[in-house]
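> Quick one: structure below, then a few questions.
The values are calculated or read from the model by the stated rules, or taken from the named source; none is laboratory data. Bear in mind that the values here come from a model prediction, so they are computed numbers and not experimental data. Virtual Cβ from ideal backbone geometry, glycine too; neighbours counted across all protein chains shown. For the accessible areas, the whole protein counts, side chains as well, though only heavy atoms, and no ligand, DNA or RNA atoms are used. Shrake-Rupley method; radii C 1.70, N 1.55, O 1.52, S 1.80 Å.
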Amino acid sequence: QVQLVESGGGLVQAGGSLRLTCVASGLPFTSYAMGWFRQAPGKERELLTAISRSGESTYYADSVKGRFTMSRDNAKNTVYLQMNRVKPEDTAVYYCAANRYSGSSFYTRRYDYWGQGTQVTVSS
């Protein structure tokens, strides 16, 4: 069965850094684009960034562009989210997700599998 397991969340001070990790199992990893989402209390789930199957293409939402970096290691079935210069408004549960689409708009397509989430809290 497919599993996506996030780790690396925690409490960090504003201006600091944090790296999230998502390890995938039970699916042909190189056949899936991956994304990082977050959901804060009372807010809708937001797509932050996504990376294509090969890792050659990435998408970033304006809210994280220039601060967050997504990468993938296909040999380890793992994706990462490097979070720099974090802000209190980055506080949320962060989820990784997988979709099986390719093409220029891969990140807009439906995501088939989701992790359980990891909490990130940024103190001011």
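> Among the candidates Gly117, Gly103, Gly9, which residue alone is at pLDDT below 95 and not hydroxyl-bearing (Ser, Thr, Tyr)? Steps first, answer last, please.
Working: Gly117 fails: at pLDDT below 95; Gly9 fails: at pLDDT below 95.
Testing whether each residue is at pLDDT below 95 and not hydroxyl-bearing (Ser, Thr, Tyr) leaves just Gly103.
> Here is a further query. Would you mind finding the one in Val86, Val5 that is of a type in the set (A, V, I, L, M, F, W, C) and crowded, with 21+ Cβ neighbours inside 10 Å? Before the answer, list the steps.
Working: Val5 fails: crowded, with 21+ Cβ neighbours inside 10 Å.
Answer to the selection: Val86.
> A further question on this structure: Evaluate the stretch 41-48: report whether one residue or more is farther than 16 Å from Gly10 by Cα, within 11 Å of the chain's Cα centre (by Cα), of a type in the set (Asp, Glu) and surrounded by 13 or more Cβ atoms within 10 Å (Cβ to Cβ).
Yes; the residues of the stretch 41-48 include at least one that is farther than 16 Å from Gly10 by Cα, within 11 Å of the chain's Cα centre (by Cα), of a type in the set (Asp, Glu) and surrounded by 13 or more Cβ atoms within 10 Å (Cβ to Cβ).
> I've got another one for you. Please pick out the residue among Gly55, Gly16, Gly35 that is closer than 19 Å to Arg109 by Cβ, in a loop (DSSP other than H, G, I, E, B), open to solvent by less than 50 Å² (accessible area, probe 1.4 Å) and not acidic (Asp, Glu).
Numbers: Gly16 fails: closer than 19 Å to Arg109 by Cβ; Gly35 fails: in a loop (DSSP other than H, G, I, E, B).
Testing whether each residue is closer than 19 Å to Arg109 by Cβ, in a loop (DSSP other than H, G, I, E, B), open to solvent by less than 50 Å² (accessible area, probe 1.4 Å) and not acidic (Asp, Glu) leaves just Gly55.
> Just one of (1) closer than 18 Å to Ala92 by Cβ; (2) modelled with pLDDT of 95 or more trips up Pro41, so point out which.
(2)
> Can you tell me which condition Ser63 does not meet? The list is (1) surrounded by 12 or more Cβ atoms within 10 Å (Cβ to Cβ); (2) in contact with a helix residue (DSSP H, G or I) (Cβ under 7 Å, 6 or more places away or on another chain), and all the others hold.
Of everything listed in (1) surrounded by 12 or more Cβ atoms within 10 Å (Cβ to Cβ); (2) in contact with a helix residue (DSSP H, G or I) (Cβ under 7 Å, 6 or more places away or on another chain), Ser63 misses just condition (2).
> Here is a further query. Would you check if there is a residue in the stretch 102-124 being among the hydrophobic types (A, V, I, L, M, F, W, C), in contact with a helix residue (DSSP H, G or I) (Cβ under 6 Å, 6 or more places away or on another chain) and within 23 Å of Gly10 (Cα to Cα)?
In the first step, residues of the stretch 102-124 are kept if they are among the hydrophobic types (A, V, I, L, M, F, W, C); the result is 106, 114, 120, 122.
Retained after the next criterion (residues that are in contact with a helix residue (DSSP H, G or I) (Cβ under 6 Å, 6 or more places away or on another chain)): 122.
Those still in the list that are within 23 Å of Gly10 (Cα to Cα) too: 122.
Looking for residues that are among the hydrophobic types (A, V, I, L, M, F, W, C), in contact with a helix residue (DSSP H, G or I) (Cβ under 6 Å, 6 or more places away or on another chain) and within 23 Å of Gly10 (Cα to Cα), one finds at least one in the stretch 102-124, hence yes.
> Just checking, which of Ala98, Ala92, Ala75 is of a type in the set (A, V, I, L, M, F, W, C) and surrounded by fewer than 16 Cβ atoms within 10 Å (Cβ to Cβ)? Quick ask: steps written out before the conclusion?
On the way: Ala98 fails: surrounded by fewer than 16 Cβ atoms within 10 Å (Cβ to Cβ); Ala92 fails: surrounded by fewer than 16 Cβ atoms within 10 Å (Cβ to Cβ).
Only one candidate qualifies: Ala75.
> How many residues does the stretch 19-32 contain that are over 15 Å from Asn77 (Cβ atoms) and not in a strand (DSSP E or B)?
0
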